Amino acid sequence: IAGFPIRAVAAMQAAGVEGNLAVEFNWGEYVIWHLGPQVQVSVDGRRETVYGDAVYRENLDFMLGTGDWDRLIDRPETDMALVDRERPVYGLLRGKAGWALAYEDETAALFVREGSGWAQVIVGVAPPDWPADGAGLAFPVE
């Protein structure tokens, strides 16, 4: 489990968020498991069978902050973005007009479209007192 946005997703779940989420490729299936079908992800590990090359490339540009990095979130149907704080997109989103930081911990940051109302809902939710990335919540793997 380590490396996943455990607390961020728990906060989203407790807040009852719904909508379309731009998400880190490696986190997509985790988000689907915990927040689906109310939250739909931009990409997940089923990339070869569900998503075309253009969708995958767009998500990669978003995560890495390259090319037209914000094309994915400029679409009106994208409501939220859950990003790894270690990725370039984190800093880019902090300065992106029309987007507000609703939640962050050591692992992840959740940005919401300004005016959506989700920021106020999420701010009022206390996430569980778990490691942000889930470290220690699974059996050890050698």
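The values are calculated or read from the model by the stated rules, or taken from the named source; none is laboratory data. On a predicted model such as this, the values are computed, not experimentally measured, just so you know. When we count neighbours, we look across all protein chains shown, and the Cβ atoms used for this are built from the backbone with ideal geometry, even at glycine. Ligands, DNA and RNA are stripped out before the accessible areas are found, and what is left, the full protein with its side chains, is counted by its heavy atoms. Shrake-Rupley method; radii C 1.70, N 1.55, O 1.52, S 1.80 Å.
Could you grab the relative contact order for the chain? Cα pairs under 8 Å, six or more apart, rounded to a whole percent.
On the way: 249 pairs, mean separation 46.5, N = 142.
The value is 33 percent.
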Checklist entry - Is the shape of segment 1-79 best called rounded, prolate or oblate, per the rule: a/c under 1.5 gives rounded, else a/b larger than b/c gives prolate, else oblate, with a ≥ b ≥ c the square roots of the Cα gyration tensor eigenvalues? => result prolate
Checklist entry - What percent do you get for the relative contact order of segment 1-74 when only Cα pairs under 8 Å and 6+ apart count? => result 25
Item to check | Added length on full extension, which subtracts the Cα-Cα distance from 0.36 nm per residue, LEU64 to GLU77 | outcome: 2.6 nm
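Probe of 1.4 angstrom, ligands and nucleic acids ignored: what's the accessible area per residue over the chain, in square angstrom?
Working: 7370 Å² over 142 residues.
Counting only protein heavy atoms, the per-residue value for the chain is 52 Å².
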Item to check | Global geometry of segment 51-142, whether rounded, prolate or oblate, following the gyration tensor of its Cα atoms and the 1.5 cut on a/c | outcome: oblate
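Using a Förster distance of 35 angstrom, determine the FRET efficiency expected from the C-beta separation of ALA126 and ALA97, and round it to 0.05.
Details: r = 29 Å, r/R0 = 0.84.
Given R0 = 35 Å and the Cβ-Cβ separation, E is 0.75.
GLN13 to ASP53: extension gain in nm, 0.36 nm per residue of separation minus the Cα-Cα distance? Don't skip to the answer; put the middle values down first.
Values: separation 40, 0.36 × 40 = 14.40 nm, distance 3.01 nm.
Extending this stretch completely gives an extra 11.4 nm.
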